[in-house]
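Just so it is clear, none of the values below were taken in a lab; they were calculated from the coordinates. Predicted, not measured: the structure shown is a model, and the values here were computed from it. Because the Cβ atoms are built from the backbone with ideal geometry, glycine has one as well, and the counts that use them run over all protein chains shown.
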Amino acid sequence: MTQYLDGYDYDAIHERAREVIANPKRLKKSAVDKYMNYYETKCSESKRTIEAAKAYIPGGIQHNLANNYPFALNCVKAEGAYLYDVDGNKYIDFLNAGGPTILGNNYPPVKEAVKKAIDEIGNLTGLYGEFETDLAKKIMQYFPSVERFRMLMTGTEACMVAIRLARAYTGKLNMIKVKGCYHGFTDQLIYEIRSIGTGSEAAVGVPDECLKYISGVMPNDIEDLERQFEENEKNGGTALFITEPIGQDSGALPLTKKYQKRVRELCDQYGAVLIYDEVVSAFRIGMGGAQELWGIRPDLTVFGKVMAGGYPGAGGVGGKAEIMGQLTAGLTLGKSNKVMAGGTITANPISCVAGYTAICELEKTDAHKKLAAAADKFTRQVADIADKYKIPAMIFNQESILHIDLNAFQHVASFPEFSRQEVEERIAACMHLMHEYAMAMCAEGIIVAGGNKTYINLQTIDVLDDALDAYERVFSQYE
Ligand code: PMP
């Protein structure tokens, strides 16, 4: 049996999840002890400085992905394929800051363009600059569904603006999302995030009223989708359907083309705005994102990450001119039927020039073709190592997004045979094993994202053989 799976074959991935959940493998205790010792002896300055930071920063860290086990690392440099910590350790960067750094760290052409922009234009003006149109045009070149584009600072903001536009346009309130998808952390979208069945668990500090109009549907379940649209009709209709088009958590539970097509039909039938949240997939899954892959045109697309070339701030929304035309250009005073969106730092020279240059570099270097070929080969090789050590795993990729998942925690809640209590216990156990895995990978010289997600970038293509050796060292120490 090969562990390698087709990254778009939901049924096969889901079936394998059942097997992985039934036969959890873990690192030998001796390996866990060895790796814990690595952190104590080789990462002592990280430990000390993060501990000290706790007096100033809640928990000592601020980026979600910095939450490494047993403690966070203090990163002092990012260059090319590597990240470096304060203790002088060097790591292959399979984190890619959660996706944006697809060209590699501190990629010289983007850095030079940003420096030039700062020298020539400055850091921030508050006025219009032509660089804004350059980026918008470049995005529209690859996303024909985008007739107008509006820059924002984060994916979170962009999702917030997209739902506001959809509601203003339709005059309806209800939203449907796919359970487990992440659309930022605003009050109304912090529902059913990361794993299925979590409901409003993450919505601490959010009034219940904020979640009144959102409902979640099971991935790829067309009946559930139809039922929800019908249900909403009794209650004012559906304003919008929002999803990560490659599936929850960057494709951990891939959505199928058949499902996507039905979503499009139902949105048309019920007069709902279809929003693709391509924060991860735009310029990561090919130049035209998941919508090009599926051949489906959403009404609105949310952008982030790669579209600002790994620089701050990365967010934007684009789509049909008629819907986008509702946005204000600047602050309007008095009575207005326009949709408000703002941002002091929005559309600054740094973000726009970095994004524009990064997209041009992706074109010039033919990056996606190279990344897809390297990722397919590498993922298969990792799967062969899992086979060799008889570790049940879900190993697949969607271009340069790799899922090397030995625990399947995101699938647990989608098996109806488990009670909610069992789901919670199993997820907790899976999460612990996943953290141990990420800890082992890091001690062997590779930083991955959150434990089950692995991004490769243009620079890491040259170090994949070294990376493979690290996987061999880790997998050989499983029970
Ligand atoms: N949507 C998706 C699909 C994301 O992955 C993310 C961030 N991981 C966001 C929205 C939010 O983007 P940001 O972190 O820039 O606010």
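Summary of values
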| read-out | value |
| --- | --- |
| Fewest-first ranking of Ile461, Ile176, using other Cβ atoms within 10 Å as the exposure measure | Ile461, Ile176 |
| Among Gly7, His63, Leu27 - extreme Cα towards positive end, dipole of the stretch 1-130, charges at beta-carbon | Leu27 |
| For the chain, calculated [θ]222 nm from helices alone, where every DSSP H run of n ≥ 4 adds -39500 (n - 2.57) | -13000 deg cm²/dmol |
| Reachable lysines from Lys212, criterion Cα separation under 28 angstrom, eight or more residues apart if same chain | Lys172, Lys177, Lys179, Lys234, Lys261, Lys320, Lys335, Lys338 |
| Ascending count of other beta-carbon atoms within 10 Å, so fewest first, for Leu464, Leu362, Leu127, Leu152 | Leu127, Leu464, Leu362, Leu152 |
| The stretch 125-347 - Rg (one decimal) and Dmax (whole number), Cα, Å | 16.5, 51 |
| Environment charge at Gly155 (Cβ cut-off 9 Å; Lys +1, Arg +1, Asp -1, Glu -1) | -1 |
| Cβ crowding within 10 Å averaged over residues, with 395-404, 447-456 ranked highest first | 395-404, 447-456 |
| Net charge of neighbours whose Cβ lies under 10 Å from the Cβ of Thr2, counting Lys and Arg as +1 and Asp and Glu as -1 | -1 |
| Least to most buried among Leu73, Leu240, Leu266 (fewest other Cβ within 10 Å first) | Leu266, Leu73, Leu240 |
